[in-house]
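*Asks:* Structure provided below as structure tokens; questions to follow.
The values are calculated or read from the model by the stated rules, or taken from the named source; none is laboratory data. Since this is a predicted model, take the numbers as computed values, not measurements. No Cβ is skipped: glycine too gets one built from the backbone with ideal geometry, and neighbour counts run over all protein chains shown. These accessible areas exclude ligands, DNA and RNA; they are computed on the full protein's heavy atoms, side chains included. Shrake-Rupley method; radii C 1.70, N 1.55, O 1.52, S 1.80 Å.
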Amino acid sequence: MNICKVDDQIAIEVKGIKKNYGHLQALRGVDLKVVKGEIVALIGDNGAGKSTLAKIICGAIQKSEGELYFWGEKTDVQSINHAHKIGVFTVYQDLSLAPDLPVSDNLFLGREIMRNGFLGKLGVLDRKTMRNESKKALAALGIGLKSISVDTRALSGGERQALAIAKAVTWANTALIMDEPTAALGARQSAIVYDTIRAASARGLAVLVISHDIPKMVSFADRIVVLRHGCVVASLEAKKTTLQEVLNFMLGGRGENKDD
Amino acid sequence: MISRAQNQKDNSNSEMTESNQANVKHLSSIEQKELPFYEVILRSTAFWILVILVILTAIFGYLTPNNVFIKPETLFTIGLNASQILILAVGATILLASKNMDLSIGTNLILTSTLAAKVLKIVAGTPQEIMSGSYPNLTNAVIAAIGASIIFGGLFGMINGLIVTKLKMEAFIASLATMMIYWGISLVITQGASEVGIPRALQLGFGHKKLFDLIPYPLIVALIISGVMWLVMRFTKFGLYTCAIGSSAESAERSGIRTDLYIISIFALVGVLAGIAGFFDLARFATTNPQGHQTDGLMAITAAVMGGTSLKGGRASIPGAMLGALIPTIIQTGLVILGVGAFYQMIATGFFLVIAVYLDKKRYAGYLD
Ligand SMILES: Nc1ncnc2c1ncn2[C@@H]1O[C@H](COP(=O)(O)OP(=O)(O)O)[C@@H](O)[C@H]1O
Ligand SMILES: [Mg+2]
């Protein structure tokens with residue numbers, strides 16, 4: 001069954017992923033697909049295993065069992081760096097940015113532009129180009145910052161998260177993974193984040209977003225995947241489902257029979 | 001390069017292009033202005049340390065007989081005496097920027113200079129030859145001693161980095177432990193005695209040598225090293241990663257930086273600096289000093305912090321640390337010339353440390369508003 005076929009539609013495929021923390025089974029065989037340009041909302045109660053799944057896909061932790069495919073190719077993601085090489089970038093609820101660095105340094109952190117020639121070989125950064133490219137990238141996402149050389153610490157929570165998303169969107173060419181990207185934000189700032197996610201999917205990125213804002217997800221996402229006790233209990237087309245149905249799956253009720 | 005969805009115009013201005021204006025969401029729109037130049041200066045701790053240095057120099061210049069304190073020779077002698085702490089303070093700054101510290105650089109210096117002295121004597125000639133003061137392989141011996149200083153210094157520094165990253169210990173604890181271990185090993189090796197039989201040629205050729213009969217060579221080397229480190233911190237990826245790790249190790253990790261590797265490298269680099277400072281002992285005094293330097297690690301951190309680098313990590317002010325390193329030396333030299341007990345130096349330095357950190361805190365608080 002492991003024919004290495006390359007699929008240009010299925011950006012992420014997760015098959016039978018299990019994750020054990022000692023005796024605790026955080027994931028008990030999860031299957032999930034995210035196709036190009038699709039926004040999949042991962043829903044579930046606290047402790048359902050959402051973050052664990054996201055971390056496995058983005059290389060932050062290793063799975064215990066199961067298989068991961070990107071564009072149809074089986075890949076064991078070794079590290080966050082490895083995921084970055086595949087084009088998978090993650091936005092976390094917090095701690096995605098270094099507060100003491102200027103905005104442009106943060107946007108390019110891990111993927112700096114070096115000076116040409118000898119200076120570049122010595123490790124000298126091309127900060128001017130990085131600043132200019134940062135301005136363009138942020139403007140393209142509709143994020144208006146007055147100064148690109150201001151320290152990230154000086155940004156508001158919403159601006160910081162927008163910047164964290166801009167950073168991921170700028171570099172991602174396969175998928176964007178977001179773990180509760182709006183949890184710390186107000187309504188207006190969340191709206192900006194959702195617009196940014198929408199733009200990213202329009203560009204062809206597969207988006208996996210973890211959120212507790214279920215009503216919003218029902219209207220915003222293309223598909224809703226409900227995780228419960230480490231199992232996928234439902235995968236629903238957002239247009240054809242209702243808030244009530246999602247909640248039923250999430251909290252028990254109809255999902256019960258699939259739970260082991 | 002960056003992939004951009006809608007980049008039609010190359011506008012290097014920070015204002016949005018008109019076509020973008022429509023879809024620019026107004027986030028709470030940052031109103032932070034770029035500060036005018038003089039205000040940047042006034043807000044920098046390094047500037048205030050410089051002011052303190054100038055005032056101290058003026059006071060000592062006024063008080064010392066014939067104003068001998070402000071004679072160029074005196075000032076350069078101060079520079080020479082400060083050359084080791086200068087290098088160590090620069091190292092401490094780099095470590096603080098990464099939110100680490102190394103208390104052991106002083107005893108690393110002692111152990112490294114002891115080992116380098118042994119290497120030098122082994123390579124220089126037979127014990128008999130050295131006893132009689134002839135060194136048949138002098139050049140090779142000096143090169144070997146410099147190499148040993150760099151390698152041992154780097155190794156002892158790296159050990160701290162390994163303890164911090166692999167055993168997951170606080171840098172304070174790790175380097176407190178190695179501080180004792182390195183000093184203990186030095187004492188075991190030397191029985192507390194200074195190393196004898198170091199060729200005088202080392203002093204004549206470097207330690208006591210002066211450019212234009214005025215500027216001491218060790219000071220020149222210390223300034224070059226500090227300058228290079230300043231450039232590295234300010235303009236290179238290594239400097240950026242150091243500050244990123246210190247600012248938020250988690251986000252650095254999440255940006256794909258191998259933080260452990262960098263932290264180990266930073267400790268090793270600072271160990272190399274300590275090793276070089278240790279070689280200065282051999283070159284200046286033609287001996288080692290196993291009873292001195294134990295508190296150099298704390299002194300280096302003091303200088304760095306006085307210069308405006310905080311323990312919170314993420315920032316480095318190497319010029320500030322260089323100025324901060326001069327304060328204790330200036331006070332000490334001034335007091336010695338005045339015939340006042342040099343021990344007052346410690347009291348004054350502690351006093352200035354409190355003032356500097358207080359100013360820094362105030363500035364930092366204002367900055368966060
Ligand atoms: N590092 C860890 N060590 C032990 N248990 C963990 C660890 N991380 C998560 N868990 C456990 O795994 C389960 C799933 O956690 P998580 O994926 O964070 O859930 P969610 O994000 O859906 O709230 C929880 O029971 C949690 O306590
Ligand atoms: Mg979670």
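*Asks:* Using alpha carbon centroids, what distance separates the stretch B:234-265 and the stretch A:10-24, in Å?
*Replies:* 30 Å
*Asks:* Would you work out what percent of the accessible area of chain B, with all protein chains in place, is carbon or sulfur (probe 1.4 Å)?
*Replies:* Working: 11770 of 17470 Å².
Taking all protein chains in place, chain B shows 67 percent carbon and sulfur surface.
*Asks:* Comparing B:233, B:179, B:169, which has the greatest mean-square fluctuation in the GNM of chain B with Cα pairs linked when under 10 Å apart?
*Replies:* B:169
*Asks:* On average, how much area does the Cα convex hull of the protein assembly as shown cover when viewed from any direction, in nm²?
*Replies:* Numbers: hull surface 140.1 nm².
Value for the protein assembly as shown: 35.0 nm².
*Asks:* Let me ask something additional. To the nearest whole number, what is the average tally of beta carbon atoms from other chains within 10 Å of the beta carbons of peptide B:230-243? Write out the running numbers ahead of the final one.
*Replies:* On the way: counts 0, 2, 3, 0, 3, 8, 8, 8, 3, 3, 10, 5, 0, 4.
Mean shielding count: 4.
*Asks:* Let me ask something else. Could you tell me how far the Cα centroid of the stretch B:81-104 sits from the Cα centroid of the stretch A:42-118, in Å?
*Replies:* When both Cα centres are located, 34 Å separates them.
*Asks:* Using only DSSP helix segments of four residues or longer, with each worth -39500 (n - 2.57), what per-residue ellipticity at 222 nm results for chain B after dividing by its residue count and rounding to 500? Walk me through the numbers before you get to the answer.
*Replies:* Values: 15 runs with 250 residues, N = 369.
Mean residue ellipticity, 222 nm, calculated: -22500 deg cm²/dmol.
*Asks:* Please say if the stretch A:134-260 is rounded, prolate or oblate, where rounded means a/c under 1.5 for a ≥ b ≥ c the square roots of the C-alpha gyration tensor eigenvalues, and otherwise the choice is prolate for a/b larger than b/c and oblate otherwise?
*Replies:* Working: a/c = 2.64, a/b = 2.24, b/c = 1.18.
The shape class here is prolate.
*Asks:* Shifting gears a bit: Between chains B and A, what is the buried accessible area in Å², counting both sides, with a 1.4 Å probe and ligands, DNA and RNA left out, to the nearest 100?
*Replies:* Details: alone 19740 and 12890 Å², together 28200 Å².
Rounded to the nearest hundred, the buried surface is 4400 Å².
*Asks:* Past 30 Å, Cα to Cα, is the threshold; run A:85/A:136; A:63/B:166; B:209/B:361; A:85/A:135; B:99/B:362; B:237/B:361 against it and keep the listed order.
*Replies:* Numbers: A:85/A:136 23 Å; A:63/B:166 22 Å; B:209/B:361 42 Å; A:85/A:135 24 Å; B:99/B:362 20 Å; B:237/B:361 28 Å.
From A:85/A:136; A:63/B:166; B:209/B:361; A:85/A:135; B:99/B:362; B:237/B:361, over 30 Å: B:209/B:361.
*Asks:* Further question: Mind checking the mean number of beta-carbon atoms from other chains within 10 Å of the Cβ atoms in A:71-81? Could you put the intermediate results ahead of the total?
*Replies:* Details: counts 0, 0, 0, 0, 0, 0, 0, 0, 3, 6, 5.
Mean shielding count: 1.
*Asks:* Using Cα springs under 10 Å in a Gaussian network model of chain A, which residue among A:176, A:109, A:24 shows the largest mean-square fluctuation?
*Replies:* Greatest mean-square fluctuation among the candidates belongs to A:24.
*Asks:* Tell me, what is the per residue accessible area of the protein assembly as shown in Å², probe radius 1.4 Å?
*Replies:* Numbers: 28200 Å² over 629 residues.
Accessible surface, normalised per residue, equals 45 Å².
*Asks:* Using Cα-Cα distances under 8 Å and only pairs 6 or more residues apart, what relative contact order does the stretch A:7-250 have, in percent?
*Replies:* On the way: 483 pairs, mean separation 67.9, N = 244.
Relative contact order, the stretch A:7-250: 28 percent.
*Asks:* Using a Gaussian network model of chain B whose springs link C-alpha atoms within less than 10 Å, name the residue from B:168, B:118, B:312 with the highest mean-square fluctuation.
*Replies:* Checking each option, the largest mean-square fluctuation is seen for B:168.
*Asks:* For the stretch A:1-86, which whole percent of the accessible surface, found with a 1.4 angstrom probe, sits on carbon and sulfur atoms? Could the numbers behind the result be given before it?
*Replies:* Details: 1970 of 4170 Å².
Carbon and sulfur together cover 47 percent of it.
*Asks:* Looking at chain B, which longest stretch skips every one of the GluC sites (Glu not before Pro) that is in a DSSP loop with at most 15 other Cβ atoms within 10 Å, leaving the sites themselves out?
*Replies:* Numbers: sites that count: B:15, B:31, B:34, B:170.
The segment B:171-369 is the longest one with no such site.
*Asks:* Further question on the same structure: For the stretch B:297-369, run through the chymotrypsin sites (Phe, Trp or Tyr not before Pro) and keep only the ones in DSSP coil with at most 12 other Cβ atoms within 10 Å of their Cβ.
*Replies:* Numbers: sites: B:343, B:344, B:351, B:352, B:358, B:364, B:367; in loops: B:343.
Passing sites in the stretch B:297-369 are B:343.
*Asks:* Of all the accessible heavy-atom surface of the stretch A:108-260, with the other protein chains kept in place and a 1.4 Å probe, what percent is carbon and sulfur? Please report the intermediate quantities before stating the final value.
*Replies:* On the way: 3100 of 6100 Å².
C and S atoms contribute 51 percent here.
*Asks:* Per-residue counts of other Cβ atoms within 10 Å, averaged by peptide: what ranking do you get for B:143-149, A:15-21, B:88-94, highest first?
*Replies:* On the way: B:143-149: 20.1, A:15-21: 16.6, B:88-94: 31.3.
Ranked by mean Cβ neighbours within 10 Å, highest first: B:88-94, B:143-149, A:15-21.
*Asks:* Work out the mean other chain Cβ neighbour count within 10 Å for the residues of A:99-109 and drop it here as an integer.
*Replies:* Working: counts 5, 12, 9, 0, 1, 0, 4, 5, 1, 3, 11.
For this peptide, the per-residue mean of nearby foreign Cβ atoms is 5.
*Asks:* Decide, for the stretch A:7-250, between rounded, prolate and oblate: order the square roots of the alpha carbon gyration tensor eigenvalues as a ≥ b ≥ c, take rounded if a/c falls under 1.5, and otherwise choose prolate if a/b is larger than b/c, else oblate.
*Replies:* On the way: a/c = 2.01, a/b = 1.49, b/c = 1.35.
Judged from the Cα gyration tensor, the stretch A:7-250 comes out prolate (a/c at least 1.5, a/b above b/c).
*Asks:* Okay, moving on. Helix B:138-166 against the longest principal axis of chain B: what's the angle in degrees, Cα atoms only, rounded to the nearest 10?
*Replies:* Approximately 50 degrees, to the nearest 10.
*Asks:* Here is a follow-up. Answer rounded, prolate or oblate for the stretch B:37-364, using the Cα gyration tensor with square roots of eigenvalues a ≥ b ≥ c: rounded when a/c is under 1.5, else prolate when a/b is larger than b/c, else oblate.
*Replies:* Details: a/c = 1.86, a/b = 1.12, b/c = 1.66.
Note, shape of the stretch B:37-364 comes out oblate.
*Asks:* Provide the percentage of antiparallel DSSP beta bridges, counting only those with both residues in the stretch A:7-250; round to the nearest 5. Could you put the intermediate results ahead of the total?
*Replies:* Working: 24 of 42 bridges.
Close to 55 percent.
*Asks:* Given the -39500 (n - 2.57) contribution per DSSP H run of 4+ residues, what per-residue ellipticity at 222 nm results for chain A, rounded to the nearest 500 deg cm²/dmol?
*Replies:* On the way: 9 runs with 87 residues, N = 260.
Taken over chain A, the calculation gives -9500 deg cm²/dmol.
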